[in-house]
Amino acid sequence: MKVKPLGDRVLIKVTEGESKTASGIIIPQTAQEKTQNGVVVAVGPGMKNDKGVIDPVPVAVGQKVMYDKYAGAQIKIDGADHLIVKFADILAVLE
């Protein structure tokens, strides 16, 4: 399935959380915290500003990002967890 975000929305593939601590203790999936990192899969065209010109979304496909913990709509694409979030909900680009 192909998903194309609209406006200033971004499609993010959620990265899986760590299942093992640094000391080797395995954490069950029910006890793991929700991750806030992911990889940008698709970006919408942007939103019109006051002058009617479309401002592009300043993230690119393939960038790793950190997003707000409770942001976006969760969807599954080909069995993988994804989020569609507004650009304002992206907190940082990870390098």
Simple spin-label estimate for Ala71/Val39, 7 Å along Cα→Cβ, in nm, reads 1.9
Taking the Cβ of Lys64 as the center, what net charge do the other residues with Cβ under 15 Å away carry, scoring Lys and Arg +1 and Asp and Glu -1?
-1
Three-way shape call for the stretch 31-95 based on the alpha-carbon gyration tensor, with the a/c threshold at 1.5
prolate
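Each reported figure results from applying straightforward, stated rules to the coordinates on display, with no laboratory input. Please read all numbers here as calculations on a predicted model, not as lab measurements. In this analysis, Cβ positions are derived from the backbone assuming ideal geometry, glycine residues included, and neighbour counts consider all displayed protein chains.
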